[in-house]
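Since every read-out is calculated from the coordinates, none of them should be taken as a lab result. The structure presented is a predicted model; accordingly, all values stated were derived computationally and were not measured. Note that we place each Cβ from the backbone using ideal geometry, even for glycine, and neighbour counts take in every protein chain shown.
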Amino acid sequence: MKSVRPAEGPIRVLHVDDDEAFLRLTQTSLTEVDSEIHLRQTIDPTAVLDRIGSESVECVVSDYQMPGLTGVDLLGRVRESYPRLPFVLFTGQGSEQVASEAISAGVTDYVSKGSGLEGFELLATRIRGAVEQRRVERALEETRESYERLLETAPDAILVVDAESGRLLEVNTAAEELFGRPREELRGLHQTELHPEDDRGYYVDVFEEHAESSGVIRDDRDLVVVHAEGHEIPVEINAATIEFGDRRVVQAIFRDLRGRT
């Protein structure tokens, strides 16, 4: 599996502030600092939720003190519908109380307006960092969803095993059938527990060979697994080590050889 890369392209930001002159200043300054940040703006905090949904907003930047609705109040509303959307409080209200309220409400970052271009440079850096992190998370989520679909449609048993610990992280339906055990029971088992107890030392060596390989291994030695009812099942194992997010795993395909010549 290839490493996960986030989508690239313009960063779509919605900026809300009741000061129209400051909105214009922010537009000009952020364009100068980072041309990839595409800023849309409003003086109406009550319009933010509708605009997030209709304009594919990737980050909200909000002032704190606004008529009828504070930035923390707005953050609370946004979090109800978009719990993981980056939200940066950009305000001149730099008190510890405001910062504490924002953190408690789940703010992504807190930037003081300050003076001069430095405040906008910091804001641009925080926006880019938050959005790129969220893009990576979404790309990884999509990769996992696709991978899980592939697992479930595979005819052979597939096991995803932590390369370091040797413990099962995930299995598919075919694996449940092969071992006669539900996945809730299989997850967390050490891979040696799938094999005859007297031969577990041998299977430690087999697994280490698979985990240390840089390519796909087709292991056609006389290998067996143990069904929940106690009988042994001959299998062929194809294994490959892959990077899955920040974890190194062994993906092993166990093919049931019963009835095959």
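Here are the numbers for the structure shown:
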item	result
Length gained when the stretch Tyr147-His231 is fully extended (0.36 nm per residue, less Cα-Cα span)	27.2 nm
Residues Glu243 and Arg84, FRET efficiency given R0 of 22 Å [Cβ-Cβ distance, rounded to 0.05]	0.40
GNM result for the chain, Cα springs below 10 Å: residue of Asp18, Asp199, Asp109 fluctuating most strongly	Asp199
Dipole-positive endmost among Thr42, Ser104, Gly116 within the range 11-147 (Cβ charges, Cα centre)	Ser104
Per-selection Kirkwood Rh - the range 178-228 (Cα, Å, 1 d.p.)	12.2
DSSP beta bridges in the chain [antiparallel fraction, %, rounded to 5]	60
Helix-only [θ]222 nm of the chain, DSSP H runs n ≥ 4, -39500 (n - 2.57) each, per residue, nearest 500	-12500 deg cm²/dmol
Net lengthening on full extension, Leu257/Asp219 (0.36 nm per residue, minus Cα-Cα)	12.4 nm
The range 8-127: mean projected area of Cα convex hull, nm²	6.8
Equivalent ellipsoid dimensions for the range 154-256 as semi-axes, Å, which come from the Cα gyration tensor, largest first	19, 15, 13
Potential extension, Asp205-Gln41 segment - 0.36 nm per residue separation minus Cα distance	53.0 nm
Alpha-carbon radius of gyration plus Dmax, which is the widest Cα pair, for the chain in Å	26.2, 80
